[in-house]
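What follows is one structure encoded as structure tokens, with my remarks underneath.
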Amino acid sequence: MTDTFKTSRRALLAGGGAAALAAPALIGPAIAKGEVNWRVQAVWPKASSSFGGSLQVLADMLAEQTDGRFTWELFGAGEFAKGPEIYDIVRKGVVQAGTSSASYMGQIATTSAFAYGIPGTLNDYWQVGHYNKNLGIEALMSSETEEDGVIYKAEKSYPTELVLSKEINSAADFASLKVRSSGALLDYLSAAGASASYIPGSELYQALSSGVVDGAHWGAAVGAKTMSLWEVCKYQMHPPLAFTSDCWVFNADAVEDLPDDLRLILMSLIETRYYARTAEYQLLETLAIEEGKAEQGVEVRQWPDDVQEIFVKASAQILEAEGNKSEKAAKAADTLKEFMGQLGIV
């Protein structure tokens with residue numbers, strides 16, 4: 001198979017489920033018998049709601065719709081790899097697929113911050129979906145990762161909020177914080193004056209409970225609840241820092257090697273589950289924060305005005321810096337600015 005043919009097929013795969021019909025012949029004894037089992041490394045610990053609600057649900061649907069011909073063996077965070085390492089083991093074919101975050105791919109794709117979500121810009125679930133799917137940001141991101149042999153797909157979109165163990169009443173209080181973050185949000189929080197650093201999800205609770213950091217983001221209310229962050233951080237901060245997206249990463253050769261029907265089912269499920277899981281997550285966020293307030297003494301606090309003013313300036317800095325990284329990043333930035341203009345955000 002020539003490199004040119006591989007590249008053209010990968011571009012089709014990145015375009016959506018229907019494109020999966022342009023598939024190669026079966027290879028390998030397992031596939032020849034119509035049976036495929038993939039190893040899938042999650043970015044989420046098994047305690048996370050997304051491990052069951054996102055990954056396990058899709059694996060179950062895939063097995064059901066293929067009559068058991070296509071199954072996934074699922075691994076929680078750290079079993080093969082964690083966080084930023086997942087992309088690399090997918091690229092190398094150690095596992096055929098994984099869940100991850102574009103925030104871990106800043107050294108790989110210049111559009112990663114846009115795929116993840118630029119802090120302080122879009123502010124609703126549907127807006128992120130429109131930006132990802134209809135305005136082409138997911139496709140831009142995948143066009144970069146495909147050069148590495150990896151297909152990128154958005155998994156769901158959701159708010160990202162900080163939970164804190166300390167009250168914040170001023171910009172001076174904010175500047176004293178040590179927080180766990182990643183990707184563009186790490187740069188954003190640092191630009192706004194906090195001391196931000198990356199900590200893997202599997203080590204997050206220990207870091208918070210021991211005082212290594214004063215707060216963290218792991219999604220918003222659902223993430224805080226399922227990761228037990230509210231046991232040590234009672235302040236849930238609003239408004240969200242950003243609306244962001246988790247993602248799937250697939251080894252492109254593994255996808256190409258699938259039988260036509262299995263590839264079509266997989267890519268179709270990825271598309272439909274994005275919308276279904278995003279809508280479901282919106283309800284789960286509402287239920288989780290109400291439960292947290294009622295049962296764990298969680299307090300929803302608003303960022304002080306002077307902190308929000310700093311956030312606006314930091315957001316503009318991040319957007320400008322990310323847009324200058326490449327022609328594709330500039331296109332992503334221009335698309336985002338135009339959309340925000342339509343929404344009246346800027």
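The numbers here are math on the coordinates, done by the rules we state, and not lab data. Given the structure is predicted, the values throughout are model-derived calculations rather than measurements. So basically every Cβ, Gly included, is an ideal-geometry build from the backbone, and we count neighbours across all protein chains shown.
Near A276: Cβ cut-off under 13 Å, other residues only, Lys/Arg at +1 and Asp/Glu at -1. The net charge is 0. Here region 27-145 is treated as a Stokes sphere of Kirkwood radius computed over C-alpha pairs; at 4 °C and 1.567 mPa s its diffusion coefficient rounds to 82 µm²/s. The gain in end-to-end length when the K313 to S209 segment is fully stretched comes to 34.3 nm, 0.36 nm per residue minus the alpha carbon separation.
Can you tell me the FRET efficiency between S176 and W126 if r is taken as the Cβ-Cβ distance and R0 is 51 Å, rounded to the nearest 0.05? Before the final figure, lay out the partial values.
Details: r = 36 Å, r/R0 = 0.71.
Step by step, r from the Cβ atoms, then E = 0.90.
Bridgeable lysines around K293 (alpha carbons under 16 Å apart, same-chain partners fewer than 8 residues away excluded): K225, K234. Available extension along the chain between E295 and T335 is 10.2 nm, counting 0.36 nm per residue and deducting the alpha carbon span.
Here the contact order of the chain, divided by its residue count and restricted to Cα pairs under 8 Å and six or more residues apart, works out to 25 percent. Per residue, the convex hull spanned by the Cα atoms of region 95-200 measures out at 116 cubic angstrom.
Give me the aspartates and glutamates in straight-line cross-link reach of K313: C-alpha distance below 15 Å, same-chain residues under 8 apart excluded. Straight-distance partners of K313: D187, D305, E322. Summary of packing: across the peptides 83-93, 269-279, the per-residue average of other C-beta atoms within 10 Å ranks them, highest first, as 83-93, 269-279.
If the chain between L287 and V346 were fully stretched, how many nm would it gain, using 0.36 nm times the residue separation less the Cα-Cα distance?
Result: 18.1 nm gained on full extension.
Computed across the chain, the Kirkwood radius stands at 20.5 Å (inverse of mean 1/r, all Cα pairs). Note on region 79-180: Lys pairs 8 or more places apart or on different chains, Cα atoms under 25 Å apart, count 9.
Restricting to Cα pairs below 8 Å that are 6+ residues apart, what does the relative contact order work out to for region 52-128? Please round to a whole percent.
On the way: 42 pairs, mean separation 12.3, N = 77.
Taking the mean separation of contacting Cα pairs over the length of region 52-128, I get 16 percent.
Legend: calculated FRET efficiency, Y275 to D306, from the Cβ-Cβ distance at R0 = 41 Å, rounded to 0.05, equals 0.60. In the chain, the longest principal axis of the Cα atoms and the axis of helix 3-14 are about 50 degrees apart. Peptides 253-260, 200-207, 96-103 ranked from most to least packed give 96-103, 253-260, 200-207, packing being the mean of other C-beta atoms within 10 angstrom over each peptide's residues.
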